[in-house]
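Asks: One structure, as structure tokens, below. Some questions next.
The values are calculated or read from the model by the stated rules, or taken from the named source; none is laboratory data. Please read all numbers here as calculations on a predicted model, not as lab measurements. Reconstructed Cβ throughout: ideal geometry from the backbone, glycine too, with neighbour counts over all protein chains shown.
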Amino acid sequence: MDKYIEMIRIRFLMMLAYRTNYYSGILIYGINIGAYYFLWSAIYGGKGNIEGLSITQMVTYVAVSWMARAFYFNNIDREMATEIKEGKVAVELIRPYSYLGMKTMQGLGEGLFRFFFFSIPGLIIVYFIFPIEFSASPVTWGLFLLSLVFSFFINMQINLLTGITTFFLFNNDGLIRAKRVVIDLFSGLLLPISFYPIWAQNIMGYLPFQGISYIPSMIFTNGFKGADVYQGLLFQALWSVVLLIPISLIWWAARKRLVIQGG
Amino acid sequence: MKTRLQYRSDLVVEILSDLLFQAVNLVFILVVFGHTQFLHGWSRDEIIFIYGFFLVPFAIFSTFFNIWDFNERYIVKGEMDRILTRPIHSLFQVILERIELESLFGAVTGLAVMIYAGSLLDLPFHWYDPLIFLLFVIGGALVYGGIFISLATIGFWSDARTSIMPTMYNIGNYGRYPVDIYNNVIRYILTWILPFAFVGVYPAAYFLKREEWYWYSFLTPVVGLAFFILSIVLWNTGVKRYRGAGN
């Protein structure tokens, strides 16, 4: 366990060394939040609420989704693709730790860094710029943070899956790009899932994506009430476990393939 | 181009992921209009039309002005020295080296989206419209080109890594929607300082017969040309200052 904590620490320190890159990141996220703020204001027009969300909740939703994205988002899939293509992965595999575990911990180190140096200051900045409302209840904050941990793992697992496909595809840059776009749309980052037509919502109920952005953001904005909150968390927890199955299967197949290539 | 064609599957994948990206933006518009009739007086089909129009100049820009990584690729690596020894204008050569014809596919998508939305809107069509369209598209592409070339010239003065390019790409997205949804300050910036509105709404307004915007529509080629000339002036000044990587 110690070695994994060390990996988190190293990644955290590495990010700290290049921290200037992140100030412009806050600006970019701010610009995006701004664009959606104006867009949603125009969409709401005179309407008091759409699908149970008031305009203030909607703006808060947008702001918190983007800032949460700073935490869960990482390029581990791309890093894995490079390591696999360059053959570095072979060396990693003989080291005394699990390769996927190491990648997860690196992602977590990166995420924690961004959480403290990006999400929190970013959220404070946008709080003063846009009409956002933060919940006063510590329970909401607690549940939100718990939910955010799950979003990290679900997103991470999808990243691992995409990364492993490099073993099978010659070039998966396109897949990685496509995955990013699909996640932005289906995770609820751009649009709350409840805004989609019912048939689309039903389909998405069977997919893990809304566990990445929609559920934590709805908890944060109090868009979920009572049982919805716990159902959401259960949904996330279930997917965090379920996704381990395809990962271990495809990882097992990938390792076998690697041995064949080597021999 | 020939080397690109060798990786044909990459090309297909790239086009597909661009298509997916455009589809996501359309889905956003469609879903949003499931909840509202008008966006500040603009109907769903009008917004889609504006988005379709935006895609055409943007595709042309991405094809010919692929200079977002100019600083890393040419200045930091010293490639600029090689460019400057050649007898054609340096900017022209950089552009030629970095052409990505596959991005032109976005223009096809854009046209398809425009034709689809236009037919729903029953837009009148005149024989001179294609000519005006061409003029506006070139204007819009020049606006984008001008802004990004100007930004690339920063590399001549400072070789520090900046993230101004991705920031600007994100600001460019503001031009996809009608500018009247923004507040006055942002509208002013999008019109006169970073004129991204001339890539989407303003020229599209002409085809949507929004007469209150005509004045801006016909300003599109002028603004495009002005920003492009400004960027060339900046480029030439920058090249004179350029001392090369290393010593």
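Asks: Being more than 19 Å from B:GLY118 (Cα to Cα), out of contact with any helix residue (DSSP H, G or I) (no Cβ under 6 Å at 6 or more places or on another chain) and of a type in the set (Phe, Trp, Tyr): is that true of B:PHE38 here? Give the steps one after another, and end with the answer.
Replies: On the way: more than 19 Å from B:GLY118 (Cα to Cα): no; out of contact with any helix residue (DSSP H, G or I) (no Cβ under 6 Å at 6 or more places or on another chain): yes; of a type in the set (Phe, Trp, Tyr): yes.
It is false that B:PHE38 is more than 19 Å from B:GLY118 (Cα to Cα), out of contact with any helix residue (DSSP H, G or I) (no Cβ under 6 Å at 6 or more places or on another chain) and of a type in the set (Phe, Trp, Tyr).
Asks: Still on this structure, I have one more. Given the criteria more than 19 Å from B:ARG176 (Cβ to Cβ), more than 14 Å from chain A (Cβ to nearest Cβ), not small (Gly, Ala, Ser) and not in a helix (DSSP H, G or I), does B:ARG73 qualify?
Replies: Here the answer is no, as B:ARG73 does not meet what is asked.
Asks: Please go through the range B:164-192 and give me each residue that is in a helix (DSSP H, G or I) and facing chain A (nearest Cβ under 8 Å), ordered by number. Talk me through it step by step, then tell me what you get.
Replies: Start the filter on the range B:164-192 by keeping residues that are in a helix (DSSP H, G or I), which leaves B:164-176, B:179-181, B:184-192.
Hits for the range B:164-192 are B:ILE164, B:PRO166, B:THR167, B:ASN170, B:ILE171, B:ASN173, B:TYR174, B:ILE181, B:ILE186.
Asks: Would you say A:TYR29 is within 11 Å of another protein chain (Cβ to nearest Cβ), surrounded by 19 or more Cβ atoms within 10 Å (Cβ to Cβ), within 30 Å of B:HIS40 (Cβ to Cβ) and of a type outside the set (S, T, N, Q)?
Replies: yes
Asks: Additional query: Just checking, which of B:ALA152, B:ALA205, B:ALA197 is buried (at least 22 other Cβ atoms within 10 Å of the Cβ) and either touching a Leu at 6+ places or on another chain (Cβ under 6 Å) or within 14 Å of another protein chain (Cβ to nearest Cβ) (or both)?
Replies: Details: B:ALA152 fails: either touching a Leu at 6+ places or on another chain (Cβ under 6 Å) or within 14 Å of another protein chain (Cβ to nearest Cβ) (or both); B:ALA205 fails: either touching a Leu at 6+ places or on another chain (Cβ under 6 Å) or within 14 Å of another protein chain (Cβ to nearest Cβ) (or both).
Of B:ALA152, B:ALA205, B:ALA197, the one residue that is buried (at least 22 other Cβ atoms within 10 Å of the Cβ) and either touching a Leu at 6+ places or on another chain (Cβ under 6 Å) or within 14 Å of another protein chain (Cβ to nearest Cβ) (or both) is B:ALA197.
Asks: Now a separate question. Assuming A:GLN210 fulfils every condition listed in (1) surrounded by 23 or more Cβ atoms within 10 Å (Cβ to Cβ); (2) under 20 Å from A:LEU100 (Cα atoms); (3) out of contact with any Asp or Glu (no Cβ under 8 Å at 6 or more places or on another chain) apart from one, which condition is it?
Replies: Of everything listed in (1) surrounded by 23 or more Cβ atoms within 10 Å (Cβ to Cβ); (2) under 20 Å from A:LEU100 (Cα atoms); (3) out of contact with any Asp or Glu (no Cβ under 8 Å at 6 or more places or on another chain), A:GLN210 misses just condition (2).
Asks: Name the one entry in A:ALA63, A:ALA68, A:ALA35 that is over 19 Å from the mean Cα position of the chain (by Cα), at negative phi and either at pLDDT 85 or above or in a loop (DSSP other than H, G, I, E, B) (or both). Step through it out loud before you land on a result.
Replies: Details: A:ALA63 fails: over 19 Å from the mean Cα position of the chain (by Cα); A:ALA68 fails: over 19 Å from the mean Cα position of the chain (by Cα).
A:ALA35 is the lone residue from the list that is over 19 Å from the mean Cα position of the chain (by Cα), at negative phi and either at pLDDT 85 or above or in a loop (DSSP other than H, G, I, E, B) (or both).
Asks: If you don't mind, there's one more thing I want to ask. Tell me, which residue of the range A:160-176 that is farther than 17 Å from A:TRP251 by Cβ and part of a helix (DSSP H, G or I) is nearest to the other protein chains (Cβ to nearest Cβ)? Reasoning before the result, please.
Replies: First, the residues of the range A:160-176 that are farther than 17 Å from A:TRP251 by Cβ: A:170-171, A:173-174, A:176.
Still in the list and also part of a helix (DSSP H, G or I): A:173-174, A:176.
On the way: A:ASP173: 7, A:GLY174: 3, A:ILE176: 9 Å.
Ranking the qualifying residues of the range A:160-176, first place goes to A:GLY174.
Asks: Let me ask something else. Residue check: is B:LEU142 aliphatic (A, V, I, L, M) and within 22 Å of A:ILE28 (Cβ to Cβ)? Step through it out loud before you land on a result.
Replies: Working: aliphatic (A, V, I, L, M): yes; within 22 Å of A:ILE28 (Cβ to Cβ): no.
Taking the combined requirement at face value, the residue does not satisfy it.
Asks: Do we find that A:LEU190 is within 11 Å of chain B (Cβ to nearest Cβ) and closer than 30 Å to B:ASP10 by Cβ in this structure?
Replies: Numbers: within 11 Å of chain B (Cβ to nearest Cβ): yes; closer than 30 Å to B:ASP10 by Cβ: yes.
Answer is yes for this residue.
Asks: I'd like to verify a number: residues in the range B:33-47 that are touching an Asp or Glu at 6+ places or on another chain (Cβ under 8 Å) and part of a helix (DSSP H, G or I), how many?
Replies: Looking only at that region, the number is 0.
Asks: Still on this structure: Could you look through the range A:215-230, keep only residues that are free of Cβ contacts under 8 Å to residues at least 60 places away in the same chain and assigned to a helix (DSSP H, G or I), and pick out the one that is surrounded by the most Cβ atoms within 10 Å (Cβ to Cβ)?
Replies: Filtering the range A:215-230 for residues free of Cβ contacts under 8 Å to residues at least 60 places away in the same chain gives A:224-228, A:230.
This time we only want the ones that are assigned to a helix (DSSP H, G or I), so: A:227-228, A:230.
Numbers: A:ALA227: 8, A:ASP228: 13, A:TYR230: 11.
Checked the range A:215-230; the qualifying residue surrounded by the most Cβ atoms within 10 Å (Cβ to Cβ) is A:ASP228.
Asks: Can you confirm whether the range A:39-61 contains a residue that is surrounded by fewer than 16 Cβ atoms within 10 Å (Cβ to Cβ), more than 11 Å from chain B (Cβ to nearest Cβ), among the β-branched types (Val, Ile, Thr) and farther than 28 Å from B:ASN173 by Cα? Even if it seems obvious, please write down each step before you answer.
Replies: Keep residues of the range A:39-61 that are surrounded by fewer than 16 Cβ atoms within 10 Å (Cβ to Cβ), which gives A:45-49, A:51-52, A:56.
With the extra rule that they be more than 11 Å from chain B (Cβ to nearest Cβ), the set shrinks to A:48, A:52, A:56.
Subsequent filtering for residues that are among the β-branched types (Val, Ile, Thr) retains A:56.
After this cut, where a residue has to be farther than 28 Å from B:ASN173 by Cα as well, the list is none.
No; the residues of the range A:39-61 include none that is surrounded by fewer than 16 Cβ atoms within 10 Å (Cβ to Cβ), more than 11 Å from chain B (Cβ to nearest Cβ), among the β-branched types (Val, Ile, Thr) and farther than 28 Å from B:ASN173 by Cα.
Asks: Exactly one condition in (1) within 14 Å of the chain's Cα centre (by Cα); (2) free of Cβ contacts under 8 Å to residues at least 12 places away in the same chain; (3) within 14 Å of another protein chain (Cβ to nearest Cβ) is false for A:LEU145; which is it?
Replies: Against the list (1) within 14 Å of the chain's Cα centre (by Cα); (2) free of Cβ contacts under 8 Å to residues at least 12 places away in the same chain; (3) within 14 Å of another protein chain (Cβ to nearest Cβ), A:LEU145 comes up short only on (3).
Asks: A:LEU233: within 17 Å of B:ALA23 (Cβ to Cβ) and either of a type in the set (A, V, I, L, M) or assigned to a helix (DSSP H, G or I) (or both), yes or no? Step through it out loud before you land on a result.
Replies: Values: within 17 Å of B:ALA23 (Cβ to Cβ): no; either of a type in the set (A, V, I, L, M) or assigned to a helix (DSSP H, G or I) (or both): yes.
Answer is no for this residue.
Asks: Of the residues B:ILE60, B:ILE50, which is touching a residue at least 24 places away in the same chain (Cβ under 8 Å) and either touching a Pro at 6+ places or on another chain (Cβ under 9 Å) or not in a helix (DSSP H, G or I) (or both)?
Replies: Details: B:ILE60 fails: either touching a Pro at 6+ places or on another chain (Cβ under 9 Å) or not in a helix (DSSP H, G or I) (or both).
One residue alone meets the criteria, B:ILE50.
Asks: A further question on this structure: Tally the residues that are at the interface with chain B (Cβ under 7 Å from one of its Cβ atoms) and closer than 17 Å to A:TYR36 by Cβ, restricting the search to the range A:193-205. It would help to see each step written out before you state the result.
Replies: Within the range A:193-205, the first condition is being at the interface with chain B (Cβ under 7 Å from one of its Cβ atoms), and the residues that meet it are A:195-197.
Checking which are closer than 17 Å to A:TYR36 by Cβ leaves us with A:195-196.
Residues that pass the stated criteria total 2.
Asks: Using the structure shown, decide if A:GLU83 is within 14 Å of chain B (Cβ to nearest Cβ), charged (D, E, K, R), in contact with a helix residue (DSSP H, G or I) (Cβ under 7 Å, 6 or more places away or on another chain) and surrounded by fewer than 22 Cβ atoms within 10 Å (Cβ to Cβ).
Replies: no
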